[in-house]
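Below you'll find the structure, written out as structure tokens, and then a few comments.
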Amino acid sequence: MSTDKRDSYYLFQQAFETWYGTLCNYAYSYVRDRNACEDIVQEVFTRIWEDRPQLIGTEGIRYYLFTAVRNNCISWLRQAKKHSAADPDGAQPVYIEHRREQTEYRAMVRQAIDNLPPRCREVFLLSRFSNMTYKEIAGSLDISEKTVENQMTKALKLMRSFLKDHGVYLAWALTNFLLSK
Amino acid sequence: MEENEHIRLITRHLSRETSSEEEASLRQWLEGDPAHRQQFDALRNVWDTSGDVIRDMPFDTAAAWEKIAPSPPPPSVRRSPTPLRLLSPRLVAAASVLLALCIAAGWYYLTRQHPLQQVIAAADNQQLTLPDGSKVWLRKGAGLKYQDPFNKGLREVQLTGEAFFQPISDPARPFRIRTIHGAIEDIGTTFLVRDRDSMDEVFVITGKVKLTTGEDPSQSLVLSSGQKATILKNKLSPSDWGTPNMMSWKTGALEFRQTPLDQVVQDINDHFGSQLNIAPGLEVEKIKITARFDHQHLDQVLDEIKLLTGLHIIRIKDTLLFVRQ
């Protein structure tokens with residue numbers, strides 16, 4: 001292996017270790033199947049190594065990773081729909097089912113996210129998972145930057161109202177305090 | 001600002017999309033009303049917590065890497081001992097020195113990230129500048145602990161004793177002082193904190209400060225300039241400003257204007273750490289003093305007071321006692 005190749009190998013491994021868990025969680029927001037999520041993310045990385053080595057070690061890799069993972073998730077969902085005629089709507093699994101939250105507040109925040117309108121939730125989740133700019137998010141989801149901004153604002157506003165309505169508006173202070181102890 | 005407009009602005013801030021003008025306008029909005037600050041904190045907390053909960057499903061990254069790691073794996077210098085055997089002992093020695101240096105440098109780098117700084121004003125009052133540029137004056141005997149650099153998103157220090165704070169204003173990162181009695185959060189201001197054994201006293205010189213008790217953070221109190229409060233046994237209570245001399249340790253000046261003798265004695269004790277007392281039976285309320293002392297010794301101050309009041313001082317063990325002849 002040449003020096004370039006070795007550097008590139010390490011950078012690739014570094015990107016994998018940085019993003020793998022986050023991308024699997026991101027994929028899970030579309031595909032409620034752990035194994036499928038892992039397969040999708042692993043395949044995206046393999047593709048980079050084989051077909052797009054020029055991305056390795058650049059800022060652009062993040063944009064590519066998130067965009068590709070989402071596209072592949074949507075393809076997977078289309079395939080799954082074709083094969084399971086018995087279950088046309090894919091029975092929306094509940095996000096909270098197998099997780100016990102450490103605090104009431106965290107559980108409520110999760111519910112608040114689940115409660116967002118689909119498009120709004122999609123934009124918000126991509127932003128929170130990737131920390132990309134509005135501009136990058138707009139490019140990745142193929143929508144306008146203005147729409148990204150509107151959806152982000154809407155997401156926070158709706159989540160806050162949800163938490164307020166459920167009486168945990170002040171609980172965050174307590175949570176914060178206990179965690180910081 | 002309209003409701004939607006400020007949520008938009010806060011969202012932009014959290015997404016790191018704001019321009020410097022927008023940051024300034026956010027700061028202005030935050031400083032306008034403590035309720036704004038609360039709204040901001042609530043939204044930021046939704047933001048932070050959501051970032052946390054969405055990625056809490058664990059995945060085995062190492063196992064996945066084993067599965068897809070491109071082959072052949074690169075030759076690893078660390079894993080193969082063979083090349084070392086071919087080297088001369090001198091080279092090996094040099095290499096181990098280098099390795100030791102690397103480890104030391106690595107250790108330094110790692111611990112340097114967020115080392116805990118501890119400053120104790122042991123010998124004298126001490127002024128220091130925190131990692132964000134905020135200024136603190138520690139009174140002799142006071143101690144301060146903080147992370148350098150501060151942790152992301154929060155500037156927090158731990159105080160024992162007495163200190164005057166002049167934090168740099170930064171609405172995105174609250175400046176918080178923890179004592180064993182509670183937390184004091186700055187809302188753009190200068191203020192004095194006295195952390196005593198039994199309670200905290202907080203004097204706000206300019207701006208606003210938010211107080212919370214140690215036990216129940218939902219119990220809070222916002223103080224404006226010229227106000228004072230105590231945190232005592234998990235109770236927050238506004239109190240009289242009392243003495244104008246609470247900053248004398250910093251300014252070096254003691255000032256009395258028609259001040260009753262008992263208050264004068266209290267301020268002098270507080271300033272010099274002296275054990276001055278008043279003989280029982282003296283009508284302290286009636287003895288009032290007007291005087292100003294600037295960087296003077298205890299003896300000079302006492303002489304002056306003796307002169308003004310006609311009182312005398314006797315010494316009993318470590319205590320000085322004001323008496324009438």
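Within the bounds of the range A:145-158, is there any residue that is at pLDDT below 85 and small (Gly, Ala, Ser)?
no
Considering (1) out of contact with any Lys or Arg (no Cβ under 6 Å at 6 or more places or on another chain); (2) of a type in the set (Ser, Thr, Tyr); (3) crowded, with 17+ Cβ neighbours inside 10 Å, say which one A:Tyr10 fails and leave the rest.
(3)
Can you name the number of the only condition in (1) more than 23 Å from B:Leu128 (Cβ to Cβ); (2) modelled with pLDDT under 85; (3) buried (at least 19 other Cβ atoms within 10 Å of the Cβ) that B:Ser237 fails?
Of (1) more than 23 Å from B:Leu128 (Cβ to Cβ); (2) modelled with pLDDT under 85; (3) buried (at least 19 other Cβ atoms within 10 Å of the Cβ), only one is false for B:Ser237: (3).
For B:Thr11, all conditions in the list (1) crowded, with 16+ Cβ neighbours inside 10 Å; (2) among the hydroxyl-bearing types (Ser, Thr, Tyr); (3) not in a helix (DSSP H, G or I) hold save one; what is the number of the exception?
Going through the list (1) crowded, with 16+ Cβ neighbours inside 10 Å; (2) among the hydroxyl-bearing types (Ser, Thr, Tyr); (3) not in a helix (DSSP H, G or I), B:Thr11 breaks only (3).
Filter the range B:28-57 down to residues that are of a type in the set (D, E, K, R) and facing chain A (nearest Cβ under 10 Å), then give me how many there are.
The total comes to 6.
Only one of B:Gln296, B:Gln300 is part of a loop (DSSP other than H, G, I, E, B) and not basic (Lys, Arg). Can you tell me which?
Selected residue: B:Gln296, the only one of B:Gln296, B:Gln300 that is part of a loop (DSSP other than H, G, I, E, B) and not basic (Lys, Arg).
Just to be sure before I move on: is A:Tyr10 assigned to a helix (DSSP H, G or I) and not aliphatic (A, V, I, L, M) in the structure I sent?
yes
The values are calculated or read from the model by the stated rules, or taken from the named source; none is laboratory data. All figures in this text were calculated on a predicted structure; none of them were measured in a lab. Cβ atoms come from the backbone with ideal geometry, glycine included; neighbour counts cover every protein chain shown.
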